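To start, the structure itself, in structure tokens.
What follows is calculated from the coordinates using simple rules that are stated; it is not laboratory data. Remember, it's a predicted structure, so these values are computed and weren't measured experimentally. Because the Cβ atoms are built from the backbone with ideal geometry, glycine has one as well, and the counts that use them run over all protein chains shown.
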Amino acid sequence: DVKVTQSSRYLVKRTGEKVFLECVQDMDHENMFWYRQDPGLGLRLIYFSYDVKMKEKGDIPEGYSVSREKKERFSLILESASTNQTSMYLCASSIAGDTDNEQFFGPGTRLTVL
Amino acid sequence: QKEVEQNSGPLSVPEGAIASLNCTYSDRGSQSFFWYRQYSGKSPELIMFIYSNGDKEDGRFTAQLNKASQYVSLLIRDSQPSDSATYLCAVYPPNTGKLIFGQGTTLQVKP
């Protein structure tokens, strides 16, 4: 079974803190994605990566950065957390291909910024 | 116009009925379509994908695609209370590398 894991299920941080969210997949997938999910707004793509050291901005990259130093690991960084970044963060991965591939999701990290 | 639109619901059906979930998309060139189910507090899981016009059946689930009308639907036959969840429609527009999700439809199946 494909397994996507995220470092924390729940996280509470203070405004201005630097926050790291880690995602690891064990199926040798090339593609990895970070989303946030908010009530009424659905899933919104923050960043994605097709390969090690490569990254692409999604629809809402402002206030976030990412790092992919190893194929299996994709990190989301909040340089200076703000209360409007309180959300559910979901990581996903998929195999490479011409876009038509299922994304497998991790369990999510519910981040609260106070 | 949103790229992928779903009625947020809630859609309420009695146990044993057919639940019909609908989704429209804006990019006519889109080639692949996915339905994910998300239970409260959990992450999305894939139920079905469909690439070709027509119907695709898997157990109690049927996905229907009509590219001319830019419409994809999910039918759940013999609905069970355990089907109560939010159903997310997702579409791959061409040459974007991104899966675009609708807001999801909340389904409630009442015993």
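Tell me which aspartates and glutamates have Cα within less than 12 Å of A:Lys53's Cα, excluding those fewer than 8 residues away on the same chain? Correct list for A:Lys53: A:Glu30, A:Glu69, A:Glu72.
Given B:Cys23, B:Gly97, B:Ile76, which one lies farthest toward the positive end of the charge dipole of chain B, if we put +1 on the Cβ of every Lys and Arg and -1 on the Cβ of every Asp and Glu? Most positive-ward Cα: B:Gly97. Rounded, prolate or oblate: which one fits chain A, using the alpha carbon gyration tensor with axes a ≥ b ≥ c (rounded when a/c is under 1.5, else prolate when a/b beats b/c, else oblate)? Note, shape of chain A comes out prolate. Among the lysines, select those whose C-alpha is under 17 Å from the C-alpha of A:Lys55, and discard any that sit fewer than 8 residues away in the same chain. Leaving aside lysines fewer than 8 places away in the same chain, those within reach of A:Lys55 are A:Lys70, A:Lys71, B:Lys98. When you count the other C-beta atoms within 10 angstrom of each residue and take the mean per peptide, A:38-46, A:10-18, A:52-60 line up highest first as A:38-46, A:52-60, A:10-18. Cα convex hull, chain B: 95 Å³ per residue, rounded to a whole number.
Only the Cβ atoms of Lys and Arg (+1) and of Asp and Glu (-1) were treated as charged; on that basis the dipole of the range A:2-69 about its Cα centre amounts to roughly 320 debye.
For the range A:39-90, the mean projected area of the C-alpha convex hull, equal to one quarter of the hull surface, is 3.9 nm². Placing unit charges on the Cβ atoms only, positive for Lys and Arg and negative for Asp and Glu, gives chain B a dipole magnitude near 160 debye about its Cα centre. Listed by chain and number, the lysines whose alpha-carbon sits under 21 Å from that of B:Lys56, ignoring those within fewer than 8 places in the same chain, are B:Lys67.
Each listed q (0.10, 0.17, 0.18 Å⁻¹) maps to a log10 I(q)/I(0) for the protein assembly as shown from the Debye sum over equal C-alpha point scatterers, namely -0.45, -1.22, -1.33.
Ordering B:16-29, B:96-109 by mean Cβ neighbour count within 10 Å, with the highest value first, yields B:96-109, B:16-29.
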